[in-house]
Amino acid sequence: MPAPDLKLDFTQIRILAGKEFWDRLRNRWVLAVALVFTVLALVIAYFGAAQQGSVGFQSIGLTIASLVSLVIYLIPLIALILGFDAVVGERERGSLELLLTLPLTRAELILGKYAGLAAALGFSTLAGFGAVGVILSPHLNLNGLFHYVGFMASTLLLGLAFLSIAVMLSVFAADRTRASGLAIGAWFFYVLVFDLLLLGALVLSGGQYGGDLFPYLLLLNPADVFRVLNVFSLDEVRSFYGLATVFPAALGHPALLGGVMLGWILAPLAIAIRTFQH
């Protein structure tokens, strides 16, 4: 089998990405998601401590800790729903064959659609949480603003990682129904089941097996990488989650975790491109 052509025409990628992005903007999907992020983040920031009998902004650490829990459930689901039919949807509508008759390679098609979807997801994420950052800025010092910007950046990386997984599943799936099932299954596995399996294994073994391996296994889940990345950003958040006792500080370095997240973005996308080319 001949090697796939890796030459890319970035003009074609940009045109396809622009069409994908503006399609999402015209159907108000981007604006709706940005509004949801803004409202939920503001509610958490000002009413997150209501159970303890206090209302109002408490601290950036507690706010980020609460937002991390929200983001882990919401962002992967939105990214998977956004990208699960990126390829299989075009195939079912009969437009994939038309796209492939254009002077457009299969790699450019995947990258163009991914870039457009990533732009839509990134715009809604940064606009939603960025608006909250502007509102909270009078309560934050420079260090607090720095950590909040870091939280937004890690949130974007998490969304891009799950969007890559969604595009990969879209290439593998035979139809939209199966693609949606795979996307929901991926959400359940990474967000709900994965950690339960690890904790169950530790409990059943009495902590004798897998304890040293546990931190490294967390890197196999982009949701856990996102959690640890934010846990180690602030002492208040670290003590809130208690992961510092089982996760070595050297492994929790932001640069290392950022590289792992980048790998979670590139690897599924590379698999999708290679599979689609063959």
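The values are calculated or read from the model by the stated rules, or taken from the named source; none is laboratory data. In this text the structure is predicted, and so the values were computed from the model without any measurement. Cβ placement follows ideal geometry from the backbone for every residue including glycine, while neighbour counts extend to all protein chains displayed.
Key figures for this structure:
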{"quantity": "Conditions (1) surrounded by 17 or more Cβ atoms within 10 Å (Cβ to Cβ); (2) modelled with pLDDT under 95; number of the one not met by Leu157", "calculated": "(2)"}
{"quantity": "Gly159 being touching a residue at least 40 places away in the same chain (Cβ under 8 Å) and under 30 Å from Pro254 (Cβ atoms)", "calculated": "yes"}
{"quantity": "Matching residues, the range 226-278, being of a type in the set (A, V, I, L, M, F, W, C), in a helix (DSSP H, G or I), over 18 Å from Met152 (Cα atoms) and modelled with pLDDT under 85", "calculated": "Phe240, Leu243, Ala244"}
{"quantity": "Residues being surrounded by fewer than 21 Cβ atoms within 10 Å (Cβ to Cβ) and either touching a His at 6+ places or on another chain (Cβ under 8 Å) or modelled with pLDDT of 80 or more (or both) - total across the range 39-60", "calculated": "6"}
{"quantity": "Lone qualifier among Ile135, Ile110 - being touching a Phe, Trp or Tyr at 6+ places or on another chain (Cβ under 7 Å) and touching a residue at least 24 places away in the same chain (Cβ under 8 Å)", "calculated": "Ile110"}
{"quantity": "Residues (aliphatic (A, V, I, L, M), more than 20 Å from Ala119 (Cβ to Cβ) and without any contact (Cβ under 8 Å) to a residue 24 or more places away in the chain) located in the range 140-155", "calculated": "Leu142, Leu145"}
{"quantity": "Complete set of residues in the range 172-184 that are closer than 17 Å to Arg93 by Cβ and surrounded by fewer than 21 Cβ atoms within 10 Å (Cβ to Cβ)", "calculated": "Ala174, Asp175, Arg176, Thr177, Arg178, Ser180"}
